[in-house]
Amino acid sequence: MIKTSFDGPAIALLIGLCMLFGLNQTVVKFGLEGVSPLMQAGLRSAGASLLLMLWMVCRGEKIFRDDGAFWWGVLLGVLFAIEFLLIYIALTLTTASHTTIFLYTSPFIVALGIYLFVPDESLKRSQVVGLLIAFVGVFFAFRDSIAGEASLLGDSMALAAAFFWGATTVVLKASPQRHQSPSRVLLYQLVVSALALPLLSWLLDEPGITNLTSIVIGSLLFQTVLMAFAGYLAWFWLLSHYQASKVASFTFLTPLFGVLFAWLILDEQLSFDMLGALLLVALGIYLVNKPGKRVVAE
């Protein structure tokens, strides 16, 4: 049964996940000192796959079984891997600010896809307005650096990554995968990306593992245990219990937390625009979760 509104614990979990995802952006930078991007993402998925399988065994859930949704699971894994491939290529071609702005158009992809393929979970008019306001908040947070050096190709890559991120959520909600447990849904994505991303790293001639310092190892452990295993498992649990568009709306908090952690840990600049951005994002999320008139006909 899909819930139409969040309770307190669910909201706390969503905000906590956005903080975790935002902190991950900073942690990845430490990992890049010794492991190239795609190899880093591949190792993260491989380690998280092993943890997830151990979790499933401890819970008495079969790892290998005919669930009737194998190819849908593989498709989710391919979409997941392509998303990260595009994000990392975009970061080499355009600015981080541009990448962030275009990547966080993903909730609009989710809203449109849900409207087309899962109409029972489609947003209402006021909620669509909420998405727009939240996106304006993210844009406002990065407006000072949006004019930096960028490229049309890099921006296009980031926008394509947003599409694949949103498509992963839509396919999950519109396919037989929606009936699978959160752990099984995640397992497909981790295993496929664990196989594909290191191969892509080699094909793109990345340096791979170059310097395994304690900081780099700590970064990989954080990404593997907290992000790819615990974080994504909680994320797919939320998607299995709540409306996808509403869950996706909270991701607008992620880049704001990313800027905050970069300021606290990396001593990067933090402007007063962040306060206004946070207020806009909070207002947008409120509107997305406020009852209103549906976009689709009842």
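For the cross-link pairs Lys173/Lys290; Lys124/Lys173; Lys3/Lys124; Lys62/Lys246, the ones whose C-alpha atoms lie over 26 Å apart are Lys62/Lys246.
Normalised per residue, the accessible area of the chain is 47 Å², obtained with a 1.4 Å probe and no contribution from ligands, DNA or RNA.
For a quick check, take a GNM of the chain with Cα springs below 10 Å and name the residue from Arg65, Arg125, Arg178 with the largest mean-square fluctuation. Maximum fluctuation in the GNM of the chain, among the listed residues, is at Arg65. If you sort the three axes of the alpha carbon gyration tensor as a ≥ b ≥ c, you get a/c of 1.5 or more for the chain and a/b no higher than b/c, which makes it oblate. Would the stretch 48-116 count as rounded, prolate or oblate if I go by the C-alpha gyration tensor, calling it rounded below 1.5 in a/c and otherwise prolate when a/b exceeds b/c, oblate otherwise? Prolate is the answer for the stretch 48-116, as a/c is 1.5 or above and a/b outweighs b/c.
Carbon and sulfur together cover what percent of the accessible area of the stretch 170-279 at a 1.4 Å probe radius? Write out the running numbers ahead of the final one.
Details: 3380 of 4800 Å².
Within the stretch 170-279, the accessible surface is 70 percent carbon and sulfur.
Of the solvent-accessible surface of the stretch 80-122, computed with a 1.4 Å probe and all protein chains present, 74% belongs to carbon and sulfur. Residues whose amide H lies under 5 Å from that of Tyr242, counting only those 5 or more places away or on a different chain, are Lys3; hydrogens are built 1.01 Å from N in the peptide plane.
For the stretch 1-53, the square roots of the Cα gyration tensor eigenvalues, ordered a ≥ b ≥ c, give a/c of at least 1.5 with a/b no greater than b/c, which places it in the oblate category.
DSSP loop (so not H, G, I, E, B), at most 10 other Cβ within 10 Å: list which chymotrypsin sites (Phe, Trp or Tyr not before Pro) in the stretch 10-66 pass both filters. Display every interim value, and only then the final one.
Working: sites: Phe21, Phe30, Trp55, Phe64; in loops: Phe64.
Answer by residue number: Phe64.
The values are calculated or read from the model by the stated rules, or taken from the named source; none is laboratory data. Here the structure is a predicted model, which means the values were calculated and not measured. FYI the Cβ positions are ideal-geometry reconstructions off the backbone, even for glycines, and counts take in every protein chain you see. Side chains are part of the model used for accessible areas, which takes the heavy atoms of the whole protein and leaves out ligands, DNA and RNA. Shrake-Rupley method; radii C 1.70, N 1.55, O 1.52, S 1.80 Å.
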